[in-house]
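Worksheet: one structure, shown below.
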Amino acid sequence: MTGAPATFMEAALAEAEAAGARGEVPVGAVVVAPGGLIVAQAGNRTEELADPTAHAELLAIREACRTGGSARLPDCDLYVTLEPCPMCAAAIGFARICRLYYGAEDPKGGGVDHGPRVFSHPTCHHRPEVYGGIGERAAGDLLKAFFKERR
């Protein structure tokens, strides 16, 4: 799949929708290699796998590293529907992701532009370019509907 950032965010949104349909918090992520090739995509699976680290970002990064045969993804971009939490932000840095595009902000649990702002710390070894607000409305609406249904 190739296209502009919105196209890749649409793929991440499809993963988020699938996660929500499984009863997971609807977050999706897509890793894009140079040339616009999606090399991995995932939605949250924390409940399904009984694993608090099974966030969409981590699952997609793990798959991209596995298929690429490297623990680093320096030429890849990550599209995720929600601002990554501190755990995922750290993994993004460790994987050396080039650019991070995210949809909805997460003032409570985010770790990029909110909370601990992982990439702002002087001890952070890698800082990807960060672009927030890509597909923000669609991602936010998906999350709001999910949590409204459960309250």
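The values are calculated or read from the model by the stated rules, or taken from the named source; none is laboratory data. In this text the structure is predicted, and so the values were computed from the model without any measurement. In this analysis, Cβ positions are derived from the backbone assuming ideal geometry, glycine residues included, and neighbour counts consider all displayed protein chains. The accessibility values were calculated without ligands, DNA or RNA, using every heavy atom of the protein model including side chains. Shrake-Rupley method; radii C 1.70, N 1.55, O 1.52, S 1.80 Å.
Accessible area per residue for the chain, computed on protein heavy atoms with a 1.4 Å probe, is 50 Å². For segment 58-100, the calculated P(r), taken from all Cα-Cα distances in 10 Å bins from zero up to the bin holding the longest distance, is 30, 63, 7 percent. Of the accessible area of the chain, computed with a 1.4 Å probe over protein heavy atoms only, carbon and sulfur atoms account for 54 percent. Close amide H pairs (under 5 Å, H built 1.01 Å from N) link Arg117 with Val112, residues at least 5 positions away or on another chain. Couplings 3J(HN,Hα) of segment 51-62, computed from phi: 9, x, 9, 7, 6, 3, 4, 5, 5, 5, 5, 4 Hz, in residue order, whole Hz [Karplus 6.51 cos²θ - 1.76 cosθ + 1.60, θ = phi - 60°; x for Gly and Pro].
For Gly28, the residues whose amide H sits under 5 Å from its own are Ala16, Thr81, Leu82, ignoring neighbours fewer than 5 places away on the same chain, with H placed 1.01 Å from N.
Put +1 on the Cβ of every Lys and Arg and -1 on every Asp and Glu Cβ in the chain; which of Pro74, Ala95, Ser120 then has its Cα farthest towards the positive end of the dipole? Positive-end residue among those listed: Ser120. Extent of the chain along its three principal axes (Cα atoms, max minus min coordinate, largest first): 40, 34, 31 Å.
For segment 37-77, the calculated P(r), taken from all Cα-Cα distances in 10 Å bins from zero up to the bin holding the longest distance, is 31, 50, 18, 1 percent. Which shape class applies to segment 63-151: rounded if a/c is under 1.5, otherwise prolate when a/b exceeds b/c and oblate if not, where a ≥ b ≥ c are the square roots of the Cα gyration tensor eigenvalues? Prolate, because a/c is 1.5 or more and a/b exceeds b/c.
For Ala104, the shell of other residues with beta-carbons less than 10 Å away shows a net charge of -3, using +1 for Lys and Arg and -1 for Asp and Glu.
Between the C-alpha center of segment 22-57 and that of segment 121-151 there is a gap of 13 Å.
Taking amide hydrogens as placed 1.01 Å from N in the peptide plane, the amide H of Arg96 sits under 5 Å from those of Leu73, each at least 5 positions away in sequence or on another chain.
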